[in-house]
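Bear in mind that the values in this text are calculations on the coordinates, not laboratory data. Just so you know, these numbers come straight off a predicted model, no measurement behind them. We place every Cβ from the backbone using ideal geometry, glycine too, and count neighbours over all the protein chains shown.
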Amino acid sequence: MRRFAAFCAFGQIMLLAGCGKGAEAPPIENSANPAAPAVPAEVARPAGPERLVLAFGDSLYAGYGLDRGQDLPHAIEGRLRKAGINATIVNAGVSGDTSAAGRQRLAFALDNLPRKPDLVMLGLGGNDVLRQITPAETRANMTAMMEELAKRRIPVVLTGMMAPPNLGPDYVAPFDAIWPDLAKHYHAGLYPFILDGVIGKADLMQADGHHPNMRGVAVVADHLAPVVETALPPAR
């Protein structure tokens, strides 16, 4: 119930942002200042073969509003290394990306890695819901990306998004179903809602109400790192 109430409040913020002069709601991210894909800063490497992970998403991966090294992929990398996994997570989060933008650049991001990744974390959809892109379009884009990853035989962890209830059941139900449906169909790992446990909590969110602060990132990383660890295939 607490998450539901907090997300309703989040939805009110989003819908108000889209009102006035008939303007389209702005994206979660500041797309005028995107974060470039970067490998997180080095920390002590445990022994064992390197596990390469691509974190492919929007500003919730890119670390919008945070200093370098405070982003979610970096936090997850640190937790995996503390667990004895020699993980390197390449942060390919780009602020402002919709699922359509991600679909356009996924192959390029994969082709420019030093080798095929052991796992891809796929996190898009927040800007789709802010722009009220149809769930059918979001599903088509997410499916195309999952097909590309399946063709390359790369395991996936999906970090899902949820639509605020005040967008109405005709939007919310098909939108929210995208990530669990894809996870089931493609046998992917799933973290159903990337902002679970932080949305609506002022001490864990930045002033914009959309992005976790450093403490919020730590909460998400604590929950998500075990999902990523479980999804990594055995070292070769």
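A simple packing score, the average count of other Cβ atoms within 10 Å per residue, orders the peptides 90-98, 118-126 as 118-126, 90-98, with the highest score first. Taking amide hydrogens as placed 1.01 Å from N in the peptide plane, the amide H of VAL156 sits under 5 Å from those of VAL120, GLY189, each at least 5 positions away in sequence or on another chain. Label-to-label distance, MET214 versus ALA144, with points set 7 angstrom from Cα along the beta-carbon direction: 3.9 nm.
Here is the list for the stretch 110-142: trypsin sites (Lys or Arg not before Pro) lying in DSSP coil, each with at most 16 other C-beta atoms within 10 angstrom of its C-beta, are ARG115.
Near ARG51, the amide H atoms lying under 5 Å from its own belong to ASN86, ALA87, THR88; only residues 5 or more places off or on other chains count, and H is placed 1.01 Å from N.
Put the Cα centre of the stretch 214-236 next to the Cα centre of the stretch 185-207 and the gap is 12 Å.
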